[in-house]
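Visitor: Have a look at the structure that comes next, please.
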Number of protein chains: 2
Amino acid sequence: MRIGELAAKSGVSVRALRYYEEQGLLEATRSYSGQRHYPEPATDRVQLIQMLYAAGLSSKTIAELLPCVEARVNTPESRARLAAERDRIEAQIAALTRTRDRLDAVIAISESPESGCTYVPDRDVAAEAGHSVTS
Amino acid sequence: MRIGELAAKSGVSVRALRYYEEQGLLEATRSYSGQRHYPEPATDRVQLIQMLYAAGLSSKTIAELLPCVEARVNTPESRARLAAERDRIEAQIAALTRTRDRLDAVIAISESPESGCTYVPDRDVAAEAGHSVTS
DNA sequence: CTAAAACCTGACGTTGACGTCAGAGGCAAG
DNA sequence: CTTGCCTCTGACGTCAACGTCAGGTTTTAG
């Protein structure tokens, strides 16, 4: 599989795949002319990389974790690294949950203005926002 | 309260506070000589701003949401905006939860080398990733 | 009164994960 | 053979949320 196909399959850009290689996250065999070739499982690997990026990990951290996840490297250090990142993610989940709850509370108040809404906007505000932004 | 004190109380830098003002997230009265002065509640507001930044919202989005949260602006558009961001955060929580579970699975395997340390198919991990997502 | 500390306004620097463009080569089809 | 798409390697551009420095004013402590 060449880079364009992998990009299409895994849903990332060609540029991103080259970047991953540059960061040591993804390897490819090269044809004689220098073109990259990937095996099928590369699709999964790229999606895992995206998953970790989405969790806020840096390239460097991902590069350290990938061997533990894919190649099953198992040392005290790798286990500590995994646990540390797990905890970081858990803390992030907790923070996001608090933020979500806060927004939920605001939404609840918005939807039942009778119960404790201290300030109701006048017509001008609502009238001025005539066009929809529904996305 | 001047900017230095607010920075100390809310745990962000002076530069960040000026940046928030520039982005329309935080207002301050000015003394004759031009120095910023903040009321006490500004501390809470700054922490709310930080909370939303941590949830991955941009300055622009925060600027749109803050009136809804603090001033209780309540229009169909503001409610939709709030709900949309709430959903975004919820989706992010779900993604992070999946990532955490994946790491947990890897950690579990690492810690019990007896049960197939050298190679465990991804199937096990994938099958286990279908847990609840705190909705 | 003076010196230090805090504050002001620009304005350039930083970082990470790419986007984008330039110029050159590679590959199956007509 | 040539057309057209894919790929290659640099290398500069981007964007956001600040960091940091410069040069000048204001406030505070002694």
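The values are calculated or read from the model by the stated rules, or taken from the named source; none is laboratory data. Keep in mind that what you see is a predicted model, and the values were worked out from it rather than measured. Glycine gets a Cβ as well: all are built from the backbone with ideal geometry, and neighbour counts include every protein chain shown. Accessible surface is based on the protein model in full, side chains and every heavy atom, while ligands, DNA and RNA are left aside. Shrake-Rupley method; radii C 1.70, N 1.55, O 1.52, S 1.80 Å.
Visitor: Within segment B:1-13, restricting attention to residues that are within 12 Å of DNA strand D (Cβ to nearest atom) and under 20 Å from the mean Cα position of the chain (by Cα), which residue is surrounded by the most Cβ atoms within 10 Å (Cβ to Cβ)?
Guide: Keep residues of segment B:1-13 that are within 12 Å of DNA strand D (Cβ to nearest atom), which gives B:1-5, B:7, B:10-13.
Remaining after also requiring under 20 Å from the mean Cα position of the chain (by Cα): B:7, B:10-13.
On the way: B:Ala7: 18, B:Ser10: 20, B:Gly11: 11, B:Val12: 18, B:Ser13: 10.
Of everything passing the filter in segment B:1-13, B:Ser10 is surrounded by the most Cβ atoms within 10 Å (Cβ to Cβ).
Residues are listed down the side, and each one gets a yes or a no for (1) within 12 Å of DNA strand C (Cβ to nearest atom); (2) in contact (Cβ under 8 Å) with a residue 12 or more places away in the chain; (3) in the same structural domain as A:Ala94 (by TED's automatic domain parsing); (4) open to solvent by 70 Å² or more (accessible area, probe 1.4 Å):
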site: A:Glu22; (1), (2), (3), (4): yes, no, no, yes
site: A:Leu26; (1), (2), (3), (4): yes, yes, no, no
site: A:Tyr32; (1), (2), (3), (4): yes, no, no, yes
site: A:Glu40; (1), (2), (3), (4): no, yes, no, yes
site: A:Leu57; (1), (2), (3), (4): yes, yes, no, no
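Visitor: Take the conditions within 14 Å of DNA strand D (Cβ to nearest atom) and either at pLDDT 95 or above or more than 10 Å from chain B (Cβ to nearest Cβ) (or both) and apply them to A:Arg30. Does it pass? Spell out how you get there, then give the answer.
Guide: On the way: within 14 Å of DNA strand D (Cβ to nearest atom): yes; either at pLDDT 95 or above or more than 10 Å from chain B (Cβ to nearest Cβ) (or both): yes.
So A:Arg30 fits the description; yes.
Visitor: Go through (1) of a type in the set (A, V, I, L, M); (2) outside any helix (DSSP H, G or I); (3) not assigned by TED's automatic domain parsing to the domain that holds A:Val14 and name the single condition A:Ala80 misses.
Guide: (2)
Visitor: Evaluate the following for B:Leu17: is it in contact with a strand residue (DSSP E or B) (Cβ under 9 Å, 6 or more places away or on another chain), away from DNA strand D (no atom under 11 Å from the Cβ) and in a helix (DSSP H, G or I)? Working first, answer last.
Guide: Numbers: in contact with a strand residue (DSSP E or B) (Cβ under 9 Å, 6 or more places away or on another chain): yes; away from DNA strand D (no atom under 11 Å from the Cβ): no; in a helix (DSSP H, G or I): yes.
Against the criterion (in contact with a strand residue (DSSP E or B) (Cβ under 9 Å, 6 or more places away or on another chain), away from DNA strand D (no atom under 11 Å from the Cβ) and in a helix (DSSP H, G or I)), B:Leu17 does not qualify.
Visitor: Continuing with the same structure: Quick one: is B:Arg45 assigned to a helix (DSSP H, G or I) and within 15 Å of A:Arg100 (Cα to Cα)? Before you say what the answer is, go through the steps one by one.
Guide: On the way: assigned to a helix (DSSP H, G or I): yes; within 15 Å of A:Arg100 (Cα to Cα): no.
For B:Arg45, the condition - assigned to a helix (DSSP H, G or I) and within 15 Å of A:Arg100 (Cα to Cα) - is not met.
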